[in-house]
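Written out below as structure tokens is the structure these notes cover.
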Amino acid sequence: MTRRRKTPPAAAVPEPTPRDLESGERAKARHRARPKRVQVTAGVDGDKLQMSNPHSDGATWEIQLRDACGTTSVDFMDRLLIDMMTGLSRKTATTQQTLNVALAALSGAEPQSEIEAMLVSQMTLTHSAALEMLNIARTNATVPAIQAAGGLAVKLLRTYTAQVEALAKLRRGGNQTVRVEHVHVYEGGQAIVGNVTTGGGGGHGGSADQPHAPGPEINGGALELESGLPVWGPDPLGGTMPVARGVGKDAMPDARRRKGQRGAQG
């Protein structure tokens, strides 16, 4: 008599917890707030790339494609997408999937010109190449291969960071704003808040560049301040700047001694 083993019942899938449901609702709200990326239906016919619209409104779809590439030129758009598809192609990915990945990266960055679109395409290819090098380093068993692939990955990731900074600089017009958040004034010190006018002097040099040199002669030796701005004056408790002991009292000894003194000191 043959015994048959009973198949154990499949484990029941647990229901989502209240926190799961709450997190899911927040994710849905963020997802709905994000714009949908333009997509294509694509394939290769011989040596030609074929792209078509995934919905019935072809005119709107073509405008979306050109807007994602930051251009009004159809030729520029075609060249940019073909170059990105060539750099992103993988054996496991179809032409349609590769193109949609490129379009998601482009439309997500919202390039405002062809220059920005080219920079974003370079960033996408750099990112893909860096991940490939990291994967080679992770799956290889030989130290030289790990070092070679890891070194290339580090260079590519640094290049990607530089590209991100270049895009940010391009969008802000090359200007950099430096903002001072705090001004600290310690006991005995003074601070001036406002635009200080030092006069239209000439070049630098002379005693004005030396430490403790006298300030510019403006209105009888006083600095001119812009009207209406607050000024921090001396310490209200009457404190003054500390003076080093002996300053201004004793003269400095002559470094050159007379011959008679040298013999006496010996």
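The values are calculated or read from the model by the stated rules, or taken from the named source; none is laboratory data. This structure is a prediction, so every number in the text was calculated from the model and none was measured. Neighbour counts run over all protein chains shown; Cβ positions are idealised from the backbone, glycine included. Heads up: the accessible areas ignore ligands, DNA and RNA and are worked out on the full protein's heavy atoms, side chains in. Shrake-Rupley method; radii C 1.70, N 1.55, O 1.52, S 1.80 Å.
Among the residues in segment 149-156, are any under 30 Å from Gln64 (Cβ atoms), in a helix (DSSP H, G or I) and either at pLDDT 95 or above or under 19 Å from the mean Cα position of the chain (by Cα) (or both)?
Keep residues of segment 149-156 that are under 30 Å from Gln64 (Cβ atoms), which gives none.
No.
Residue by residue through segment 89-105, note down the ones that are modelled with pLDDT of 90 or more and not β-branched (Val, Ile, Thr).
Gln96, Gln97, Leu99, Asn100, Ala102, Leu103, Ala104, Ala105
Would segment 133-140 turn up any residue that is surrounded by 12 or more Cβ atoms within 10 Å (Cβ to Cβ), modelled with pLDDT of 90 or more, farther than 25 Å from Gln39 by Cβ and touching a Gly at 6+ places or on another chain (Cβ under 6 Å)? Can you show your working first?
First, the residues of segment 133-140 that are surrounded by 12 or more Cβ atoms within 10 Å (Cβ to Cβ): 133-137, 140.
From the residues that got through so far, the ones that are modelled with pLDDT of 90 or more too are 133-137.
Right, trim to farther than 25 Å from Gln39 by Cβ and you get 133-137.
Add one more test, that the residue is touching a Gly at 6+ places or on another chain (Cβ under 6 Å), and what stays is 137.
Within segment 133-140, one or more residues are surrounded by 12 or more Cβ atoms within 10 Å (Cβ to Cβ), modelled with pLDDT of 90 or more, farther than 25 Å from Gln39 by Cβ and touching a Gly at 6+ places or on another chain (Cβ under 6 Å).
Let's see how each residue does on (1) without any contact (Cβ under 8 Å) to a residue 40 or more places away in the chain; (2) over 30 Å from Ala129 (Cα atoms); (3) not aromatic (Phe, Trp, Tyr):
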residue: Pro18; (1), (2), (3): yes, yes, yes
residue: Ser52; (1), (2), (3): yes, no, yes
residue: Ser56; (1), (2), (3): yes, yes, yes
residue: Leu81; (1), (2), (3): yes, no, yes
residue: Met84; (1), (2), (3): no, no, yes
residue: Leu99; (1), (2), (3): no, no, yes
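Out of everything in segment 85-104 that is of a type in the set (A, V, I, L, M, F, W, C) and farther than 13 Å from Leu49 by Cα, what residue ends up being most open to solvent (accessible area, probe 1.4 Å)?
Filtering segment 85-104 down to residues of a type in the set (A, V, I, L, M, F, W, C) leaves 85, 88, 93, 99, 101-104.
This time we only want the ones that are farther than 13 Å from Leu49 by Cα, so: 88, 93, 101-104.
Working: Leu88: 22, Ala93: 32, Val101: 79, Ala102: 0, Leu103: 1, Ala104: 41 Å².
It comes out as Val101.
One residue is enough: does segment 76-84 have a residue meeting the conditions crowded, with 18+ Cβ neighbours inside 10 Å, assigned to a loop (DSSP other than H, G, I, E, B) and not aromatic (Phe, Trp, Tyr)?
Going through segment 76-84, the residues crowded, with 18+ Cβ neighbours inside 10 Å turn out to be 77, 80-81, 84.
Now restrict to residues that are assigned to a loop (DSSP other than H, G, I, E, B): none.
Looking through segment 76-84, none of the residues is crowded, with 18+ Cβ neighbours inside 10 Å, assigned to a loop (DSSP other than H, G, I, E, B) and not aromatic (Phe, Trp, Tyr).
The conditions are (1) modelled with pLDDT of 95 or more; (2) hydroxyl-bearing (Ser, Thr, Tyr); (3) in a loop (DSSP other than H, G, I, E, B), and Thr7 fails exactly one of them. Which is it?
Among (1) modelled with pLDDT of 95 or more; (2) hydroxyl-bearing (Ser, Thr, Tyr); (3) in a loop (DSSP other than H, G, I, E, B), Thr7 violates only (1).
Based on this model, can you work out whether His31 counts as in contact with a Phe, Trp or Tyr (Cβ under 9 Å, 6 or more places away or on another chain), of a type outside the set (D, E, K, R) and open to solvent by 70 Å² or more (accessible area, probe 1.4 Å)?
Values: in contact with a Phe, Trp or Tyr (Cβ under 9 Å, 6 or more places away or on another chain): no; of a type outside the set (D, E, K, R): yes; open to solvent by 70 Å² or more (accessible area, probe 1.4 Å): yes.
So His31 fails the test.
So which residues in segment 36-50 are under 29 Å from the mean Cα position of the chain (by Cα) and in contact (Cβ under 8 Å) with a residue 12 or more places away in the chain, if there are any at all?
Arg37, Val38, Gln39
For segment 88-129, which positions are polar (S, T, N, Q) and part of a loop (DSSP other than H, G, I, E, B)? I'd like the intermediate steps shown before the answer.
Narrowing segment 88-129 to residues polar (S, T, N, Q): 89, 92, 94-98, 100, 107, 112-113, 121-122, 124, 126, 128.
Within segment 88-129, Ser89, Thr92, Thr94, Gln112, Ser113 qualify.
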